[in-house]
Amino acid sequence: MTDPALLIKKLSSVIPKGGVSIFHEYAHYLTWRFSPRLPIQEEFALKVAASWRATGGEPDIALELPPLLEKNGFVVRSAEPRIFCLRPGDPMWQWPSTFIEIGLARLQELGRIDQEFAEKMRTEFAAAEANPNSLMITPLVLEIIAEKL
């Protein structure tokens with residue numbers, strides 16, 4: 001999303017008075033971490049964030065939404081941080097783990113990583129996923145509930 005202000009403006013034009021919009025957007029993408037630590041994953045997250053910024057996006061877009069919503073006739077009824085600590089057997093583990101393959105392919109396509117980096121990431125992530133004692137801390141998401149006035 002390169003123009004969140006335009007998106008919120010358009011949303012405001014179609015949401016009726018009293019209508020509610022709910023957002024789940026990243027507020028601190030780089031909270032995505034593992035224990036035991038995976039330095040390759042931390043580097044991967046940095047590369048993903050940089051690639052989004054390079055194409056006009058913002059990984060931590062949730063921080064920009066409340067003022068945009070208020071400027072466009074919404075009132076923020078609540079804003080709650082959502083962050084989870086998961087083990088490999090937790091169904092929510094699939095949310096970030098599924099993104100790894102998508103993200104690796106995109107970064108390779110953009111020329112931001114090579115095959116060696118991708119394979120190292122896959123190998124180290126597979127080892128973490130095979131370890132029942134691994135912990136994954138998800139990226140911090142802000143749940144924003146806004147009502148159109």
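The values are calculated or read from the model by the stated rules, or taken from the named source; none is laboratory data. In this text, all values refer to a predicted model and were calculated from it rather than measured experimentally. Don't worry about glycine lacking a Cβ; one is built from the backbone with ideal geometry, like all the others, and counts go over all protein chains shown.
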For Arg112: the one exception among (1) part of a helix (DSSP H, G or I); (2) at pLDDT 95 or above: (1)
Considering only residues that are part of a strand (DSSP E or B), among the aliphatic types (A, V, I, L, M), surrounded by 13 or more Cβ atoms within 10 Å (Cβ to Cβ) and out of contact with any helix residue (DSSP H, G or I) (no Cβ under 6 Å at 6 or more places or on another chain), which ones fall in segment 65-80? Ala79
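Output the number of residues of segment 10-35 satisfying the condition of being of a type outside the set (Gly, Ala, Ser) and either surrounded by 17 or more Cβ atoms within 10 Å (Cβ to Cβ) or part of a strand (DSSP E or B) (or both). Reasoning before the result, please.
Restricting attention to segment 10-35, the residues satisfying the condition of being of a type outside the set (Gly, Ala, Ser) are 10-11, 14-17, 20, 22-26, 28-34.
After this cut, where a residue has to be either surrounded by 17 or more Cβ atoms within 10 Å (Cβ to Cβ) or part of a strand (DSSP E or B) (or both) as well, the list is 11, 15, 20, 22-26, 28-29, 32-34.
So the answer is 13.
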Unique residue being among the acidic types (Asp, Glu), surrounded by 14 or more Cβ atoms within 10 Å (Cβ to Cβ), over 22 Å from Lys9 (Cβ atoms) and in contact with a helix residue (DSSP H, G or I) (Cβ under 8 Å, 6 or more places away or on another chain) when the list is Glu124, Glu58: Glu124
Of all residues in segment 96-116, how many are exposed (fewer than 14 other Cβ atoms within 10 Å of the Cβ), among the small types (Gly, Ala, Ser) and within 28 Å of Cys85 (Cα to Cα)? 1
Sort out which residues of segment 103-115 are of a type in the set (A, V, I, L, M) and closer than 15 Å to Thr55 by Cβ, and write them in order of number. Leu107, Leu110
In segment 36-64, anything assigned to a loop (DSSP other than H, G, I, E, B) and either closer than 30 Å to Ala127 by Cβ or without any contact (Cβ under 8 Å) to a residue 40 or more places away in the chain (or both) is listed as Pro36, Arg37, Leu38, Pro59, Asp60
